[in-house]
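Participant: Here's a structure for you.
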Amino acid sequence: MGLTEELKTLLFQNGAALVGIGDLRGVRGCDYDTGISVAALLPENVIRDLQHAPTKEYYDLYYSLNDRLNEIVKAGESLLQEKGFSAYAQTTDRVKVDSDRCSKLPHKTVAVKAGLGWIGKNGLLVTEKFGSAVRISSLLTNAPLKHDIPVESSQCGACTLCVKSCPAQALSGTLWKAGTEREKIVDVEKCYEKQSEIMYGATGIKTDLCGKCFAVCMYTQRYLNKSRK
């Protein structure tokens, strides 16, 4: 088994639902040639509830999935370092967010480069298999891994379910392609302000979580409908 297959097998064994490897050469803010994107899947019942309002269960799950993703990417980091390569897991304690709510190298950037999906009209990663019913993390390395084919344009088409359902009316409906700035898709401040308001109203918890835009996504709904059969 080659290194690429060995790494992917390890990540899946540790709980990843999706794994992709992307070429990051030339990406601004990145000192590594390669990025590995991993996704963990949200339970179906939580997604269905989010179509109506955020829940305490989603709040708890959000942080438990982050912990799981941290463990997955750290396992990959350890494997690559044991093989003698430089590797850096972008765990939640290592990723720093600036005043514009941006990190130096967003997980979504790695994900589209690694072929996991595209950026939807909700401003989130949308995957063919699970829609936006995932949380993602990433691992950076200089190891000679085989790159997957990147995604460079949206497959949302004319769908506007997330745009119409956004409680903050923060989504512009812009169809993403590689290089599109986040601000052309979503008004981040309006989004976060409304998330905090409805999360507190629904659960009494003061934090910025919502989830409605990815719960109603047509690709998320396709995943849910398939799982019912």
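The values are calculated or read from the model by the stated rules, or taken from the named source; none is laboratory data. Just so you know, these numbers come straight off a predicted model, no measurement behind them. Because the Cβ atoms are built from the backbone with ideal geometry, glycine has one as well, and the counts that use them run over all protein chains shown. We work out accessible area using only protein heavy atoms, side chains counted, and drop any ligands, DNA or RNA first. Shrake-Rupley method; radii C 1.70, N 1.55, O 1.52, S 1.80 Å.
Participant: Could you state the angle between the C-alpha long axis of helix 188-203 and the longest principal axis of the C-alpha atoms of the chain, as a value from 0 to 90 degrees rounded to the nearest 10?
Facilitator: Once rounded, one gets 70 degrees.
Participant: Using the charge dipole of the stretch 53-185 (Lys, Arg: +1 at Cβ; Asp, Glu: -1 at Cβ; taken about the Cα centre), state which of SER165, GLY115, VAL95 has its Cα farthest towards the positive end.
Facilitator: Positive-most Cα among the choices belongs to SER165.
Participant: Compute, for LEU10, the solvent-accessible surface of its heavy atoms (probe 1.4 Å) with the complete set of protein chains present, and express it in square angstrom to the nearest 10.
Facilitator: Only protein atoms counted, so the area is about 40 Å².
Participant: Could I ask something else about it? Give the distance, in whole Å, between the Cα centre of the stretch 111-125 and the Cα centre of the stretch 163-227.
Facilitator: Here the answer is 14 Å between Cα centres.
Participant: Where Lys and Arg each count +1 and Asp and Glu each count -1, what net charge lies around LEU69 among other residues with Cβ under 14 Å from its Cβ?
Facilitator: Cβ neighbours under 14 Å give a net charge of +1.
Participant: Right, something else. Along the charge dipole of the chain, Cβ charges K/R +1 and D/E -1, which of ALA16, ASN225, LEU42 sits furthest on the positive end?
Facilitator: It is ASN225.
Participant: Relative contact order (percent) for the stretch 34-129, with alpha-carbon contacts under 8 angstrom and 6 or more residues of separation?
Facilitator: Relative CO of the stretch 34-129 lands at 25 percent.
Participant: Here's something else I'd like to know. Please calculate the 1.4 Å probe accessible area of ARG101, with all protein chains present, and give it to the nearest 10 Å².
Facilitator: 90 Å²
Participant: Just to confirm my understanding: which cysteines in the chain have no other cysteine beta carbon less than 4.7 Å from their beta carbon?
Facilitator: CYS30, CYS102, CYS156, CYS159, CYS166, CYS191, CYS210, CYS217
Participant: For the pair LYS146 and ASN14, how long in nm is the line joining their label points, each one 7 Å along Cα→Cβ?
Facilitator: Taking the simple label geometry, LYS146 and ASN14 are separated by 2.1 nm.
Participant: I need the calculated FRET efficiency for the pair GLN169 and GLU82, taking r as the beta carbon distance and R₀ as 45 Å, to the nearest 0.05.
Facilitator: Here the calculated transfer efficiency is 0.35.
Participant: Give me the extension gain from ARG25 to THR180: residue separation times 0.36 nm, minus the current Cα-Cα distance, reported in nm with one decimal.
Facilitator: 54.0 nm
Participant: Right, here's the next one. I'd like the Kirkwood hydrodynamic radius of the stretch 1-69, using the inverse of the mean 1/r over distinct C-alpha pairs, in Å.
Facilitator: 14.4 Å
Participant: Based on a Kirkwood Rh over C-alpha pairs, give the Stokes-Einstein translational diffusion coefficient of the chain at 20 °C and viscosity 1.002 mPa s in µm²/s.
Facilitator: 119 µm²/s
Participant: Right, next: Explain nothing, just the number: dipole magnitude of the stretch 64-131 about its Cα centre with +1 on each Lys and Arg Cβ and -1 on each Asp and Glu Cβ, in debye rounded to the nearest 20.
Facilitator: 200 debye
Participant: Let's test the formula: R0 of 25 Å, r as the Cβ-Cβ distance of TYR200 and THR92. What FRET efficiency results, to the nearest 0.05?
Facilitator: That gives a FRET efficiency of 0.65.
Participant: Run the accessible area of the stretch 105-227 with a 1.4 Å probe and give the carbon-and-sulfur part as a rounded percent.
Facilitator: 51 percent
Participant: Of MET218, MET199, MET1, which has the most accessible area and how do the rest follow, probe 1.4 Å?
Facilitator: Output order, biggest surface exposure first: MET1, MET218, MET199.
Participant: Report the paramagnetic label zone for TYR62: residues of the stretch 106-141 whose backbone N is under 18 Å from a point 7 Å from Cα along the Cα-to-Cβ axis.
Facilitator: It comes to 107-108, 122-125, 132-137, nothing else.
Participant: Heavy-atom accessible area per residue, the chain, 1.4 Å probe: how many Å²?
Facilitator: Here the residues of the chain average 50 Å² of exposed surface.
Participant: Could you work out the relative contact order of the chain, using alpha carbon pairs under 8 angstrom and six or more residues apart, expressed as a whole percent?
Facilitator: Across the chain, relative contact order equals 24 percent.
Participant: Suppose every Lys and Arg Cβ carries +1 and every Asp and Glu Cβ carries -1, with no other charges. What dipole size does the chain come out with about its Cα centre, to the nearest 20 debye?
Facilitator: 620 debye
Participant: Given contacts defined as C-alpha pairs under 8 Å and at least six residues apart, what's the relative contact order of the stretch 123-182, whole-number percent?
Facilitator: Result for the stretch 123-182 is 31 percent.
Participant: Can you work out ³J(HN,Hα) from phi for every residue in the stretch 2-12, in order, using Karplus 6.51 cos²θ - 1.76 cosθ + 1.60 and θ = phi - 60°, giving whole Hz and x for Gly and Pro?
Facilitator: For the stretch 2-12, the Karplus-derived couplings read x, 4, 4, 5, 4, 5, 4, 4, 4, 5, 5 Hz, x marking Gly and Pro.
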